1. Can you work out the FRET efficiency for the pair C:Glu219 and D:Arg158, with r the C-beta to C-beta distance and R0 = 51 Å, to the nearest 0.05?
2. Can you classify the stretch C:64-197 as rounded, prolate or oblate using the Cα gyration tensor, where a ≥ b ≥ c are the square roots of its eigenvalues, rounded means a/c under 1.5, and otherwise it's prolate if a/b beats b/c and oblate if not?
3. For C:Ala230, what is the net charge nearby, where nearby means another residue's Cβ is under 12 Å from its Cβ and Lys, Arg count +1, Asp, Glu -1?
4. When you count, for each residue, the other Cβ atoms within 10 Å and take the mean per peptide, how do A:293-303, C:21-31 rank with the highest first?
5. Sort shortest first the distances from C:Glu219 to its counterpart in every other copy, using label points 7 Å along the Cα-to-beta-carbon line, and give them in nm.
6. Of C:Phe177, D:Phe140, B:Phe39, D:Phe60, how do they rank once you tally other Cβ atoms within 10 Å and put the fewest first?
7. Which value at 222 nm does the protein assembly as shown reach when only helices count, each DSSP H run of 4 or more adding -39,500 (n - 2.57), with the total divided by all residues and rounded to the nearest 500 deg cm²/dmol?
8. Using alpha carbons only, how many degrees (0 to 90, rounded to 10) separate the axis of helix C:165-176 from the longest principal axis of chain C?
Number of protein chains: 4
Amino acid sequence: MTDLSAIVSEIAAEMAAAPDRGTPASYIPPLASVDPARFGIAVIEADGTAHVAGDGDMPFSIQSISKVFSLTLALGAVGDQLWTRVGREPSGSAFNSIVQLETEHGIPRNPFINAGAIVTSDILLGRNAPREAIGEMLRFVRALAGDEAIFIDETVARAEQDTGYRNMALANYMRAFGNLHHPAEHVLGVYFHHCALAMSCRQLALAGRYLMAGGINPETGRSIVSAQRARRINALMLTCGHYDGSGEFAFRVGLPGKSGVGGGILAVAPGIASIAVWSPGLNERGNSQLGTLALERLVARTGWSIFEPRG
Amino acid sequence: MTDLSAIVSEIAAEMAAAPDRGTPASYIPPLASVDPARFGIAVIEADGTAHVAGDGDMPFSIQSISKVFSLTLALGAVGDQLWTRVGREPSGSAFNSIVQLETEHGIPRNPFINAGAIVTSDILLGRNAPREAIGEMLRFVRALAGDEAIFIDETVARAEQDTGYRNMALANYMRAFGNLHHPAEHVLGVYFHHCALAMSCRQLALAGRYLMAGGINPETGRSIVSAQRARRINALMLTCGHYDGSGEFAFRVGLPGKSGVGGGILAVAPGIASIAVWSPGLNERGNSQLGTLALERLVARTGWSIFEPRG
Amino acid sequence: MTDLSAIVSEIAAEMAAAPDRGTPASYIPPLASVDPARFGIAVIEADGTAHVAGDGDMPFSIQSISKVFSLTLALGAVGDQLWTRVGREPSGSAFNSIVQLETEHGIPRNPFINAGAIVTSDILLGRNAPREAIGEMLRFVRALAGDEAIFIDETVARAEQDTGYRNMALANYMRAFGNLHHPAEHVLGVYFHHCALAMSCRQLALAGRYLMAGGINPETGRSIVSAQRARRINALMLTCGHYDGSGEFAFRVGLPGKSGVGGGILAVAPGIASIAVWSPGLNERGNSQLGTLALERLVARTGWSIFEPRG
Amino acid sequence: MTDLSAIVSEIAAEMAAAPDRGTPASYIPPLASVDPARFGIAVIEADGTAHVAGDGDMPFSIQSISKVFSLTLALGAVGDQLWTRVGREPSGSAFNSIVQLETEHGIPRNPFINAGAIVTSDILLGRNAPREAIGEMLRFVRALAGDEAIFIDETVARAEQDTGYRNMALANYMRAFGNLHHPAEHVLGVYFHHCALAMSCRQLALAGRYLMAGGINPETGRSIVSAQRARRINALMLTCGHYDGSGEFAFRVGLPGKSGVGGGILAVAPGIASIAVWSPGLNERGNSQLGTLALERLVARTGWSIFEPRG
């Protein structure tokens, strides 16, 4: 057993015993009913070695983590002209705030707040029907992870659609500014299905390898995005990946990362490892309480922070 | 001549010839009168090798770059309890916005917007007179750079004080919330003198070495801050160092950096180099137009981005 | 010919010749295509005497003026508990702003901004189908005016529905806060049909008589609302009836009034007259340019301002 | 004893017994220490008849009510060009909010929020020393009331100055936009002394007679302002006189009125009466709880609402 393997197991054990676990999202029943005692972690090294502990093989709802994959696909579809419709700055406000859209004329601050990811979903729709756009996304994520078992949880997608009034407001609001080209219902159909992807930590860390490896899927050697684009997605994850807690995450953890309201976080140590953690309880900023703590400890024990001097 | 030396000279030559140079700050005469044709660069490698080109030895007003040094000093004085008075999140608004202070009860979003640096100046005042707090800061920066020639430009300091109504508003506003302990005039005296530090790119890059080197001044071997604190300051520079253009800087350059309205930028490639660039013309976000471009090219040609896979 | 009749004719003549007429609303074709040369005025005195001049018998789209009538109906349906869902304060922002809804948790500031009128439409839906709620409103306005010729312009209603993304956003946003009880599509169906009421100045001034007459329709003697409620609706018109130009209207004109983006204004001189003016060109606040000017002159020449000493 | 006299006495008795009295302002000791059991009322009829009850002859700190008098003086000094520096719209936010100033470039929304009254104080300074501007204001109010006993409470003025950081912020902020021509300290010296005027309900109602009487002091027959200006000041009081509770006051009371944080309200029934009430406890909007209730009952029993049909 390598040192890293020991560190990962250690952290899983510590998290299993942690008393203060945050509060799971409660806005839809399928998220509210997840057992808060769960904790999973998976670390995939650059050479492919996998370290998985706790509930690291149990699927959970990746929610906003999907925004990394939909952004990657949308950039592939329309290239940098995407940035005429979405900004690249931290928002300074809650993930679902509509205020910024009013003052900035329907252009979301970045692709990782809800409004921004709704625009990327609009781009993914392109000339396709919603069903096809959803299918493309599922195939993309399965290919990234090399795992055909990944699925979309229809119960989650339906629950989102039944209660997603705020997202419906965001979508219509952007349409009023001409920054949504398809009917809000179609766009949100795509959006909610992306967010309803169910993946385990292992699958998620596998899917994130291209961001660790300069845009290449290290298993297949295929280029997913250019090295420059991989760096830029990492930069966006660092500055915007944790909503209005992004500064805090950079400060404590020091890795590009993207969190989801299901309690998962995907983090990347460029050149070293792709990492996924999961624990359903959230902190007051809406990011996984134990997931963040686990990453903070992992980085402290490995020296993987991108702000650390390289050797 | 090493490759790096060639790259630095090349970039200096390209920037000297660049047609679109932005617009120098005009709010005080000493800044407005600086020649927009200037461009300087200095790169100090981990082993101490220095590469300086263009106007890299000409002093300029470092302005907000001083906030990195005053934060370092203030953390030394009061430790992490500083974070009860200043946040760690990107602001999502202009460097001198007062709106955020109203909604967040007088707590500035981070130490690099004006309001945040006014609070760190208040901390530096401690039980000292303004004159002593200013002297301490000057000694600190001289020691970091190993250069006693560094000085405070009194003309700049006075001009700031004569026109600094907005900063006076920010200071009084925070005092109304109890987040300023000394009279606004005293605190701003300290603040404006910090910002009026005149340094060359070479001096600035030398002063920034501790952030490249895990908190150690590599010349003297003395610890300036702990390795953890150095990482955290780097993280703050990345997420908040360029006001409401921080996301863009991370996206394009990919290094922790802090800009000043005088046209300077201090950037850090952890373990590799401390870098300073200077060109007075600013872009629409208030950051040096050519300074940013120069750093973008330096990183593209060296692979120093912190979002790049490590080898 | 009485003096008043002369004044009304005079004003109509002045307005017909006015060079600076503002700009008609352009967001839907049926409004954009109205002839900006139009001007109409109707003054109905307490004793029933009518003074109509210019295009005072030509129907136009009353748009937001309908919010006075829908508020009256909704108060009749649920009484003062309406005020738990809608505020009574001027908004300090544009008629279709969504910002205020975020900071005030889905409660619109007053019933005359779009969000507020969407809530009153939701109340009018009650247990009815949209078609019935629309029919009830049409019957109510016809009865107030004593004119069965008043109709809803389906072309306008459809155009609104085709482009009403911002209102769709407002409706969904309030539904996210639980302040909309019916599906947004149904509520907006009602809302857009109210706004699409086509009325002439004469019909509008007739319909507004109950607000001049302490809640009584002076023609029939029937009580429409209590005297207290009539006063209160007048007060709301004065403080909130012209969006973010309400203060200006009170300052210049000094009568309770409600404007619509079709260029109409209904104004009330309590105990004296019910007044309607119409000219399609709007000022920068979205209120009829000549309509406001005409009312200013009418009040100056009659002494009808409510801020004038009573004799 | 007339009916009105009976009504006034009745209301004073009811208010003396009212259980829910609100909470006095606590930000400075001289206001915090006022006895919350106090209630005073004075009604001056157009013919000069005075009805005074309760503590109607006890002086209290008029605070923001002074903004009516300073506006009147400033309009006398510079005329309508005042409106290039101050708006005429309700603010939709708290009396001391700074947010609006940022989005509207240093132009306060109206002369009755703090920022607006600071600008009118700047105008009153003109070419005078602060002491002279304060003296002019005191003479003006004494002349209006016909009572040389009116004084400025220096204890209150000093307490304001010692804690007025937020007003200092507002003043400096406007100076940054060029909308303050004198040093903030001087302007606030004038402002705080105006607010520190101590007057009884009787004195206040006497001082307000010109607003009831078309701009004329009915006692002396001298014109204070033109009839048009008197109407316009009344309109501003109605739309903006109770901060972010102005709509509510118009809704419940229906008279132009201006409140102060000392618990006083000056209200005007044009042509009928000038009214002052005082009770130190404030409601959640910062307006006198019992003062508002007393005026609501007075208007209900007299029919003086300006929204009532004239007959």
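1. Working: r = 63 Å, r/R0 = 1.24.
Efficiency computed from Cβ-Cβ geometry: 0.20.
2. Working: a/c = 1.67, a/b = 1.40, b/c = 1.19.
Because a/c hits 1.5 or more and a/b exceeds b/c, the stretch C:64-197 counts as prolate.
3. Numbers: positive: C:Arg209, C:Arg229, C:Arg231, C:Arg232; negative: D:Glu308.
Residues near C:Ala230 contribute +3 overall.
4. Working: A:293-303: 19.9, C:21-31: 16.8.
The packing order, highest mean first, is A:293-303, C:21-31.
5. 5.1, 7.8, 9.2
6. Working: C:Phe177 15, D:Phe140 18, B:Phe39 31, D:Phe60 26.
By the 10 Å Cβ count, ascending: C:Phe177, D:Phe140, D:Phe60, B:Phe39.
7. Working: 56 runs with 579 residues, N = 1244.
Result for the protein assembly as shown: -14000 deg cm²/dmol, rounded to the nearest 500.
8. Once rounded, the angle reads 50 degrees.
A short reminder: the numbers here are calculations on the coordinates, not readings from a lab. From a predicted model like this one, the values you see are computed outputs, not experimental measurements. Cβ coordinates were reconstructed from backbone atoms using ideal geometry, including for glycine residues, and neighbour counts include every protein chain displayed.
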